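To keep things clear, I will list the structure first and then write my remarks on it.
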Amino acid sequence: MPTMADLEEARRALDAPLFADLAGDAKVSFEFFPPKSEKMEEQLWSAIQTLAPLGPRFVSVTYGAGGSTRERTHATVARIASETAIPAAAHLTCVEASRDEVDEIARAYWEAGVRHIVALRGDMPQAGAPFEAHPQGYRNAADLVAGLKKVAPFEISVAAYPECHPDSANPQADIDNLKAKIDAGATRAISQFFFSPECFFRFRDRAAAAGITAEIVPGILPVSNVAQTRKFAGLCGAAIPSWMDRLFEGLDDHPAARQLVAATIAAELCRKLYAGGVRNFHFYTLNRAELAYAICHLLGLRPGKAALEKAA
Ligand SMILES: Cc1cc2nc3c(=O)[nH]c(=O)nc-3n(C[C@H](O)[C@H](O)[C@H](O)COP(=O)(O)OP(=O)(O)OC[C@H]3O[C@@H](n4cnc5c(N)ncnc54)[C@H](O)[C@@H]3O)c2cc1C
């Protein structure tokens with residue numbers, strides 16, 4: 001049920017310059033992938049340095065399909081945990097690993113000072129292959145969440161799918177699965193990317209109707225390469241609307257204009273989510289800071305005390 005404050009905010013979003021006078025009460029988190037080379041590592045650290053002063057609630061580092069980035073994910077998360085004051089979260093999947101192996105990875109995170117895991121089932125390394133649990137492994141993300149809670153009292157986030165996960169029998173089964181993950185001990189869901197605010201609001205309503213009270217944070221992907229995003233979107237239950245193709249048409253040779261268009265689309269989505277009461281946003285940064293930084297700025301965030309230096 002929208003409150004008076006929500007309605008006033010919605011009115012203001014329609015009447016005023018879209019981003020004028022936002023209260024700066026949004027909270028953000030940023031997702032990175034583990035770098036493959038020294039050059040990429042520099043790019044990642046530069047992105048973290050740029051985004052840190054915005055005071056993210058946490059930053060997370062992904063885990064490659066089939067555990068292919070096990071060491072790199074660990075090294076990146078451990079470095080963030082030891083060298084910065086930003087809470088670091090490690091993504092962890094159940095693919096091609098026994099429970100003992102996964103538990104050992106989790107224990108190593110706990111020992112490295114990492115207290116937050118993004119717990120995922122993961123996908124098979126062969127793109128599109130149906131998921132098969134390891135014979136001694138966790139069967140799905142809910143099972144993994146329960147297992148991690150036995151290893152240590154981690155804060156746990158899980159994945160949610162506003163447009164339904166492709167493996168789900170139907171949208172209700174998808175919500176039931178999310179509820180199972182929360183009931184197993186997760187305290188937050190981070191959504192797959194999406195481009196329609198209504199789709200997120202409908203999902204949030206369905207989750208609330210199912211008794212899910214944990215926060216559901218929209219995952220925001222600022223898109224500047226539609227073709228690349230489309231390849232990925234097909235596999236993960238997200239649709240790329242046709243208006244997006246039209247907006248990027250003719251911009252192949254105009255990278256700066258493409259960035260501006262990308263920022264505008266993502267910022268507009270965030271503004272509509274904000275008008276619908278969303279205050280927490282998770283950005284898929286692809287290890288680049290500028291788009292996320294610009295959108296956070298429009299949402300009213302300003303750099304505060306740098307969170308980067310842990311201890312002088
Ligand atoms: C925020 C976010 C971060 C991600 N990070 C990574 C990452 O770092 N590395 C990576 O490899 N992938 C990552 N992914 C992708 C994710 O691994 C895939 O989407 C994967 O296909 C599903 O993982 P899940 O944790 O959602 O699985 P689950 O929640 O276990 O469920 C997946 C699907 O299977 C169905 N299902 C689960 N259990 C059962 C059951 N017992 N019976 C019937 N159906 C069942 C569910 O309904 C659901 O549709 C991420 C996704 C998101 C949204």
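Any read-out appearing in this document is the output of simple, stated calculations on the displayed coordinates, not a laboratory observation. These numbers come from a predicted model, not from an experiment. Here the Cβ is made from the backbone with ideal geometry for all residues, glycine too, and neighbour counts use every protein chain on show.
Here are a few things to note about the model shown:
- Here the chain is treated as a sphere whose radius is the Kirkwood value from Cα pairs; by Stokes-Einstein at 10 °C and 1.306 mPa s it diffuses with a coefficient of 79 µm²/s.
- Only lysine pairs 8 or more places apart, or on different chains, with alpha-carbon atoms under 30 angstrom apart are counted in the chain, and they number 27.
- 12 Å reach of a label modelled at Leu14, 7 Å along Cα-to-Cβ, counting backbone N of the stretch 265-287: none
- Test item: Cα-centred dipole of the stretch 96-194, Lys/Arg +1 and Asp/Glu -1 on Cβ, debye: 360
- Count Lys and Arg as plus one, Asp and Glu as minus one, and take only other residues whose Cβ is under 15 Å from that of Leu221; the net charge is then 0.
- Rounded tilt (10° steps) of 226-236 against the dominant C-alpha axis of the chain: 50
- When the Gaussian network model of the chain links Cα atoms closer than 10 Å, the mean-square fluctuations of Asp253, Asp143, Asp123 top out at Asp253.
- Within the listed set Phe33, Phe200, Phe248, the residue fluctuating most in the Gaussian network model of the chain (springs between alpha-carbon atoms under 10 angstrom) is Phe248.
- In degrees, nearest ten, helix 4-15 long axis to first principal axis of the chain (Cα): 60
- On Cα atoms only, tilt of 38-51 relative to the major axis of the chain in degrees: 50
- The stretch 186-261: GluC sites (Glu not before Pro) in DSSP loop, at most 10 other beta carbons within 10 Å: Glu249
- Cα centroids of the stretch 34-82 and the stretch 177-227: 23 Å apart.
- Note on the chain: antiparallel DSSP beta bridges, both residues inside, total approximately 0 percent of the bridges counted.
- For the stretch 103-257, the share of DSSP beta bridges that are antiparallel, to the nearest 5, is 0%.
- The stretch 132-182: equivalent-ellipsoid semi-axes (sqrt of 5 x gyration tensor eigenvalues, Cα, Å): 21, 14, 8
- Per-residue Cβ neighbour rank within 10 angstrom, fewest leading, Cys164, Cys94: Cys164, Cys94
- Over the stretch 1-158, the alpha carbon radius of gyration divided by the compact-protein estimate 2.2 N^0.38 Å works out to 1.26.
- Distance distribution note for the stretch 178-312: the fraction of Cα pairs above 23 angstrom is 41%.
- Net dipole in debye of the chain [+1 Lys, Arg Cβ; -1 Asp, Glu Cβ; about Cα centre; nearest 20]: 400
- For Cys236 and Glu268, the difference between the fully extended length at 0.36 nm per residue and the C-alpha to C-alpha distance is 9.2 nm.
- Between the listed residues Phe32, Pro218, Gly55, the Cα displaced farthest toward the positive end of the dipole of the chain, a dipole computed from Cβ unit charges relative to the Cα centre, is found at Gly55.
- When shorter helices are ignored and each DSSP H run of at least 4 residues is given -39500 (n - 2.57), the per-residue value for the chain at 222 nm works out to -14000 deg cm²/dmol.
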